[in-house]
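A.B. asks: Quick one: this structure, given as structure tokens, is what I'll be asking you about.
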Amino acid sequence: MRNDTFSSTLSLQDAMRISGPLAFNIMLKPAGSLCNLDCNYCYYLDKAEIYGGREPVMSEEMLEKVVREYILANDVPEVTFNWHGGEPLVLGLDFYRKAMEFEEKYADGKIIHNTLQTNGTLLDRNWTEFFRKYNFLVGISLDGPKDVHDRYRKDKGGQPTFDKVLRGVGLLYSGGVEFNTMSTVNKASEGRGLEVYQFLKSIGSRYMQFMPVVEHVKYPRSAAGKPVKGARPFIVDPKEPDAMIAPWSVSDIGFGKFLCDIFDYWVRNDVGRYYVNQFDATLANWYGTQPGTCVYAQTCGGNAVIEHNGDLYPCDHFVYGKYLLGNIAEHPIKEMMTSDAQIKFGIDKRNTLPGRCRRCEWAFACNGECPKHRFNTTEAGETGLNALCAGYRKFFSHVAPYMDFMKDLLNKEEAPAGVIPWARLRK
């Protein structure tokens with residue numbers, strides 16, 4: 001236990017968020033962890049164990065309840081449904097047609113948006129017509145060029161998936177469906193940041209999200225206590241006994257260099273034309289506004305998850321029994337999202353930062369990043385240091401002059417793209 005008062009601090013911003021109009025996002029997982037792929041690093045495949053090893057899907061009755069309550073619980077004029085998985089397309093078009101009916105039925109004057117994250121392998125023209133009709137923003141999971149993507153993203157039969165994903169991207173592009181890309185940064189990506197970025201540009205992605213993979217695993221053992229040969233390791237909470245870093249995890253400096261290599265090209269050529277989540281969030285924090293993603297915000301807790309059966313968890317990365325907030329069949333969503341447990345979960349992101357992080361010159365930009373990565377120990381023996389700390393320090397120190405310049409542009413009400421000619425003159 002820390003003996004300082006920081007760990008129990010409630011800021012004015014916290015108080016305003018708690019007492020003000022309720023606004024939050026929910027990631028809906030109607031197919032739970034059910035997926036047609038078997039990606040090595042997928043932290044969600046093992047969630048079936050929570051439900052007895054089964055992979056049931058959301059019923060129509062539960063779907064209607066979720067849609068109605070989610071819209072009702074948000075005290076804002078626009079609500080976004082984020083359909084996720086597993087692989088959400090395994091449910092088929094009829095499920096989502098019904099979801100659209102329920103959204104229209106319960107909108108009550110609010111503007112409804114829909115996003116869906118998919119591995120892209122099941123896309124066809126029927127899907128693209130549906131997405132275009134209902135103005136879906138589709139996220140495609142694509143790690144980079146063929147050898148990078150296929151290293152860890154294979155199907156249930158162990159076959160590569162790159163070609164199927166590219167076919168899906170082509171269908172979205174030709175069908176006029178807006179899409180962005182979500183790319184994990186893993187061991188196969190290290191040293192290839194600019195190559196990955198240029199590849200994603202080449203397939204039409206203008207909005208890119210890069211998600212570092214730092215997972216812990218435990219290997220299945222036989223009754224005799226020996227590792228089971230060829231068995232898939234379980235991705236587990238880092239706090240579990242005998243948990244070890246997964247071999248596909250990116251290194252801290254490797255992640256920092258990945259971002260720096262992309263940034264050096266982006267800041268000289270692509271500002272205002274192509275968008276990278278880390279760069280946008282960094283500039284937002286530099287300018288003093290909300291970063292748009294909980295990863296780099298002071299607190300979290302505004303991006304919850306609903307499972308196929310109505311179970312509500314505070315975050316996609318914390319779907320473990322001890323974090324369960326409740327089930328919407330028993331408690332209203334609004335009640336659970338304003339519960340003491342959910343509020344504490346969100347504020348703990350800031351209040352459990354080690355002293356080293358609170359004193360860090362880059363604390364305003366990093367905010368300790370995601371709590372799922374805070375499993376290292378500081379030199380002083382404090383727990384909760386982010387495993388990617390060295391990489392982030394490398395990145396923030398590298399981009400600081402450019403962020404300062406873009407901040408000045410924003411203060412003068414000029415576009416950040418004005419940094420490009422200045423950046424080109426720097427060595």
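The values are calculated or read from the model by the stated rules, or taken from the named source; none is laboratory data. It should be emphasised that the depicted structure is a prediction, and the values quoted were computed from it without experimental measurement. Because the Cβ atoms are built from the backbone with ideal geometry, glycine has one as well, and the counts that use them run over all protein chains shown. Remember, those area values only see protein heavy atoms, side chains included, never the ligands or the DNA or RNA. Shrake-Rupley method; radii C 1.70, N 1.55, O 1.52, S 1.80 Å.
A.B. asks: Condition first: open to solvent by less than 60 Å² (accessible area, probe 1.4 Å) and farther than 19 Å from CYS39 by Cβ. Now tell me which residues in segment 209-223 satisfy that.
C.D. replies: The one that is open to solvent by less than 60 Å² (accessible area, probe 1.4 Å) and farther than 19 Å from CYS39 by Cβ: SER222.
Quick grid of which residues meet (1) open to solvent by 40 Å² or more (accessible area, probe 1.4 Å); (2) under 23 Å from SER249 (Cα atoms); (3) in contact with a helix residue (DSSP H, G or I) (Cβ under 7 Å, 6 or more places away or on another chain):
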residue	(1), (2), (3)
PHE131	no, no, no
PHE136	no, no, no
GLY139	no, yes, no
ASP143	no, yes, yes
ASP155	no, yes, no
PHE179	no, no, yes
VAL185	no, yes, yes
SER189	no, yes, yes
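A.B. asks: Got a sec? Which of GLU369, GLU413, GLU379 is at positive phi and touching a helix residue (DSSP H, G or I) at 6+ places or on another chain (Cβ under 8 Å)?
C.D. replies: Selected residue: GLU369, the only one of GLU369, GLU413, GLU379 that is at positive phi and touching a helix residue (DSSP H, G or I) at 6+ places or on another chain (Cβ under 8 Å).
A.B. asks: Hey, another quick one. Does LEU312 count as at pLDDT 95 or above and crowded, with 19+ Cβ neighbours inside 10 Å?
C.D. replies: Judged against the criteria, LEU312 is a match.
A.B. asks: Right, something else. With the checklist (1) buried (at least 21 other Cβ atoms within 10 Å of the Cβ); (2) assigned to a loop (DSSP other than H, G, I, E, B); (3) of a type in the set (Ser, Thr, Tyr) in hand, flag the one item THR299 doesn't pass.
C.D. replies: (1) is the only condition that THR299 fails.
A.B. asks: Residues to consider are GLY321, GLY292; find the one that is at pLDDT below 95, open to solvent by 10 Å² or more (accessible area, probe 1.4 Å) and more than 17 Å from the chain's Cα centre (by Cα).
C.D. replies: Testing whether each residue is at pLDDT below 95, open to solvent by 10 Å² or more (accessible area, probe 1.4 Å) and more than 17 Å from the chain's Cα centre (by Cα) leaves just GLY321.
A.B. asks: Taking CYS42 and the conditions (1) without any contact (Cβ under 8 Å) to a residue 60 or more places away in the chain; (2) part of a loop (DSSP other than H, G, I, E, B); (3) under 19 Å from CYS315 (Cβ atoms), which numbered condition does it fall short on, given that it satisfies the others?
C.D. replies: (1)
A.B. asks: Of all residues being of a type in the set (Phe, Trp, Tyr) and surrounded by 16 or more Cβ atoms within 10 Å (Cβ to Cβ) in segment 334-364, which is nearest to ILE235 (Cα to Cα)? Just the residue, please.
C.D. replies: PHE345
A.B. asks: For residues that are open to solvent by 30 Å² or more (accessible area, probe 1.4 Å) and among the hydrophobic types (A, V, I, L, M, F, W, C), scanning just segment 365-380, find the one that is nearest to ASP316 (Cα to Cα).
C.D. replies: Ranking the candidates gives PHE375 first.
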